[in-house]
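Everything on this sheet refers to the single structure shown next.
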Amino acid sequence: MDLKQLLKNTTNKVKELWKTGKIQRSSRITYDVVWNVILFIGIIAFIGLFFGVGLGAGYFASLVKDEPILDYKTMKSDIYNYEETSKLYFAGNKYFADVNSDLHREKIKLKNVSKNLIDAVIATEDEHFREHKGVVPKAIVRAILQEAVNSNVKSGGSTLTQQLIKNQLLTNEVSFERKGKEILLALRLERFFTKDEILEAYLNIIPYGREASGKNIAGIQTAAKGIFGVDAKDLSLPQAAYLAGMPQNPYYYTPFSVGGKLKDKDGLKPGINRMKTVLKRMYNEKYITKDQYQKAIHYNIVKDFTKKSASPREKNPILSTELEERAKDILVKIIAKKDGHSMKELNKDKKLKEKYNMLAEQDLRQKGYKIYSTIDKDLYTKFQKVARDYAYYGPDAVVTVTDKNGKSKQITQKVQTGSVLIENKTGKILSFVGNRDYSRSNQLNYATAPRPNGSTMKPLLDYAPAMEKGIIQPGTPIADTPEPILFPGTSYSPHNYAGGYHGIVSARDALKNSYNIPAVKTYAKIINDNPAKEYLDKMGITTLEKGDYYYPSLSLGQPTRGITVEENTNAFATFGNNGKFVDAYMIEKITTSDGKIVYQHKSKPVKVFSPQTTYLTLDMMRDVIHSGTAAYIPSQLKYGGVDWAGKTGTSQDWKDAWFVGTNPNVTLGTWIGYRTPKSLLCSGCSLTYSQRVNKLWAELVNTATDENKKLMAPTHKFKQPDGIVHRSYCAVSGMLPSDLCSKAGLVKSDIFNAKYAPTKVDDSLIGGSFVQVNGRAVAAGPKTPKEFVNGNGLSFNPDFLKRNGYDRISDLTQLYPRIDRKKWEKIGFSKGQSTGSISDSGKAPTAPGGVQASGAISLGANQVAMLSVIGFTVHPAAVHPLAILVTQQAQAITFQINQVFIS
């Protein structure tokens, strides 16, 4: 049978069966059975699904049952509460460095981020970001199934929203509970925030490994700058793709190794491959064209990486550290005040202070403050160069130091320096030098390290306070003599640095030449008023210890701990500001990253000296520069005609050298010395220790004046206030000149505070003459040979000597000054003024007998009948009489004179 016939027969049988109804009955039964089976399975599946959903929902509810319902304000605070690096600025809002932190981050607005970067991130991390409500269910299911079967391939189920939640509100714990909370919070976050707000927060919190200076970084702006040296808004397509791929494994993909060095070819390969993956996803998601994709994957991204360099902080390490410390101190006060605590409480409670120090430190590192300083960038930069290049510091010194284990060792140290420039009126610290060669082993800021300030203390503590109290004036005579100086409960015997004594000198000359004894004597007259507390405390000196307020040595600048360059300079700025102290400061203001002011400095001037005392002190310190211990300075200054006044200073054993100078605008203080104190004396140096610090000060002034002449070289001078008068006075007493003082040629003139100008006529001199024996004065009698008489008819008034304490001086001729000494030597001593045991007996000695008439004349002990004989007159033949002095201690005397006779 052929196929055609077979098909026909089959068709006929089917027709017959259909007519009988058997096929219909069979199909209906099969259909019913199949349908019922499907329905049953569907019902079972639905019940299972319902049960599963309920079970899942119940499980999900159990996971998040303890999670609090966060409101918008709380979520906003938490989401945007990411660490942001605080920044430091020069004056004029010039950024220069970040605050030192473990993680560096700079916040940025989404509008300032490249579209390339935004597209790259979405394409790589969350392609459905713009559509979903915080989670993608199928992605979550996929992730759960992969976890359940322990798949090696993990596609991940977190959206950008979830990643933000995980980083800001949760931990990195791997658990279903954390995942459940993450989903719940992501859904809630999407209700409160727009997609752009979420994306902006995400881009600011994501870590990006390490940048070119070796710092750990986070946030897209920090990454763009640190890796490619551009702002986030300027990222090219390849750069954006590279950064978008980094968060998956930041330290693996970063192009920089520890320390900021660029990795080798093999080390760069993972990051470049990851960049190509991101570009592929961007192409697949149609963010870029095929042509853009091809160009980008063949782009040499390596050439765009920034080169290893010192961080901005490393370029200004001392300034950065100093500003951080000062900012922290400010924040301590602010935070403690919010909690109801004063600094007085904190200073009494060590643990409480430690707590607020830690809180302030944390805020400084994490809250993204902007710290605006008073430091002038150009002045500061040039000051560092002057200090680094200065050629006259003096030699290195070998010193013995003790390490932490108590072991002594010898090290070589350089002469170091510290310097501070302050604006008088405002107290702004415009520039400073912390040291000459900052290094890992030499990080000390010498501008804030206490050192003895030597004679720079004299105007601050001795002369200006004494003038304020009317005790002295510039012309006041003070005896530079060696007798002990009496203080409450003690006596003090200082010495002048150059040695020797200078007799009666004016306060002006004593300060000009930096004589120690007159300064101490001046201090002794006011110490009962506690001038250190009354004046130094007011002028911002904070390093004094309890005993310093009573030690006589403080008058010569020898406090127990010392005084910092900053505080010493700041105190001198009081004179430059008409007697008003303005506390120096380095931080103008602190703001949040959004510009909200957290702190704004406000100066509070404190009156310390009257305008009259201030001007008199300045006028005396002008002489220090013009003709005193700083007379070397004018020859070193590039700009003449500036009204500078200042004071040199040297500490004990020449271990510290200072100069502080002020003009009507600014005050500059400079110090040099070894870190471990050692004498600065140098026999082989071309300049003395004082000239070395003076020259350095002058070079800093010259450099600053080159930069800002208006500031550093004002054309106006210190204004003489009302109440200053010019008067003549007797150099012996400081009183109005008497006829005898005029006769002696000892009349001088100076300026005075009108309140304390002399009103009484001098009574220091009376008529009289004297003779000298071994430098001791004896009143001349009527029979005293004129050859032995001094005084020219003038003598000191005993009452004057007693009134001034000069009667305690062992040798009154020590009152004679070195200048104009011949005039002073005309002043004799009246009866009773002998300072030894010698006195005039009123008797003339008898001529010794047995004197040989030729050869040498010898007088034996038995021939000198009176040991108190002042002298003999020897008459050589045809020669004028010759006076020969016989001392009290003489036992014999020999004359090498021929043909004499004794009368």
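A short reminder: the numbers here are calculations on the coordinates, not readings from a lab. None of the values given here were measured: they were computed from a predicted structure. Positions of Cβ are generated from backbone atoms using ideal geometry, with glycine treated the same way; all protein chains shown enter the neighbour counts.
Worth a mention:
- Label point distance in nm, residue 308-residue 528, each placed 7 Å from Cα along Cα→Cβ: 7.1 nm
- Pairs from the list 333/428; 655/823; 344/370; 215/655 with a Cα-Cα gap above 30 Å: 655/823; 215/655.
- Pairs exceeding a 25 Å alpha-carbon distance, out of 195/328; 458/748; 225/385: 195/328; 225/385.
- Nearest-0.05 FRET efficiency for residue 549 and residue 400, computed from C-beta distance (R0 30 Å): 0.35
- Taking other residues whose beta carbon is less than 12 angstrom from the beta carbon of residue 469, and scoring Lys, Arg as +1 and Asp, Glu as -1, yields -2.
- Proximal aspartates and glutamates to residue 181, defined as alpha-carbon separation beneath 20 angstrom and excluding residues fewer than eight positions away on the same chain: 66, 67, 71, 78, 126, 147, 173, 190
- Distance between modelled label sites at residue 486 and residue 626, nm, 7 Å Cα→Cβ extension: 3.8 nm
- HN-Hα J in Hz across the range 335-341 - Karplus 6.51, -1.76, 1.60, θ = phi - 60°, x for Gly and Pro: 5, 5, 5, 4, 8, x, 10
- Total formal charge among the other residues, if their Cβ is under 15 angstrom from that of residue 610, Lys/Arg +1 and Asp/Glu -1: +2
- Set 111/382; 533/604; 269/367; 351/602 screened for pairs whose C-alpha atoms are more than 28 Å apart: 111/382; 269/367; 351/602
- Each Cα pair under 8 Å and six or more residues apart adds its sequence gap; the mean of these over the residue count of the range 102-312 is a relative contact order of 26 percent.
- Take 667-674, 478-485, 218-225 and order them by the average number of nearby Cβ atoms within 10 Å per residue, most first; the result is 667-674, 218-225, 478-485.
- The range 635-674: mean projected area of Cα convex hull, nm²: 3.5 nm²
- Net charge in the neighbourhood of residue 247 (other residues with Cβ under 11 Å of its Cβ; Lys, Arg +1, Asp, Glu -1) is 0.
- Percent of C-alpha pairs per 5 Å bin, the range 452-532, short to long: 3, 16, 30, 27, 20, 5, 0
- Cβ-based exposure ranking for 101, 679, 506, in which fewest neighbours within 10 Å come first: 679, 101, 506
- Exposure proxy order (Cβ contacts within 10 Å, fewest to most) of 732, 598: 598, 732
- Placed amide H near residue 583: partners under 5 Å, 5+ positions off or other chain: 604
- Linear extension gain, residue 77 paired with residue 760, 0.36 nm per residue minus alpha-carbon span: 238.1 nm
- Spin-label proximity, residue 709 to the range 609-639 - amide N less than 15 Å from point 7 Å beyond Cα toward beta carbon: 638-639
- The Rg/Rh ratio of the range 507-591, with Rg taken over Cα atoms and Rh as the Kirkwood radius over Cα pairs, comes to 1.02.
- Here the Karplus relation 6.51 cos²θ - 1.76 cosθ + 1.60, evaluated at θ = phi - 60°, turns the backbone of the range 361-366 into coupling constants of 4, 5, 4, 4, 7, 10 Hz, with x for every Gly and Pro.
- Protection-proxy order for peptides 117-123, 549-555, each taking the mean of Cβ atoms within 10 Å per residue, highest first: 117-123, 549-555
- Gain upon complete extension [residue 127, residue 725; 0.36 nm per residue less C-alpha separation]: 206.5 nm
- Farthest towards the positive end of the charge dipole of the range 102-312, among the residues 249, 273, 205, is the Cα of 273, using unit charges on the Cβ of Lys, Arg, Asp and Glu.
- Sorted ascending by nearby beta carbons within 10 Å, beginning with the fewest, 371, 597, 766, 411 become 597, 411, 766, 371.
- Pairwise Cα separations in the range 304-421 fall into 5 Å bins from 0 onward with the following percentages, short to long: 2, 8, 12, 12, 11, 13, 15, 13, 9, 3, 1, 0.
- Here the calculated FRET efficiency for residue 638 and residue 339, from their Cβ-Cβ distance with R0 = 45 Å, stands at 0.25, rounded to the nearest 0.05.
- Rg over Rh [alpha-carbon atoms, Kirkwood Rh] for the range 549-608: 1.16
- Amide hydrogen neighbours beyond the local backbone of residue 485, cut-off 5 Å, H modeled: 492, 493
- Listed values for the range 593-599 are Karplus-derived 3J(HN,Hα) couplings in whole Hz (6.51 cos²θ - 1.76 cosθ + 1.60, θ = phi - 60°), namely 5, 8, x, 6, 6, 9, 8, and x replaces Gly and Pro.
- Rg and Dmax of the range 409-712, based on Cα coordinates, read 18.9, 67 Å.
- Stretch gain in nm, segment residue 347-residue 413, where the contour uses 0.36 nm per residue and the Cα spacing is subtracted: 20.2 nm
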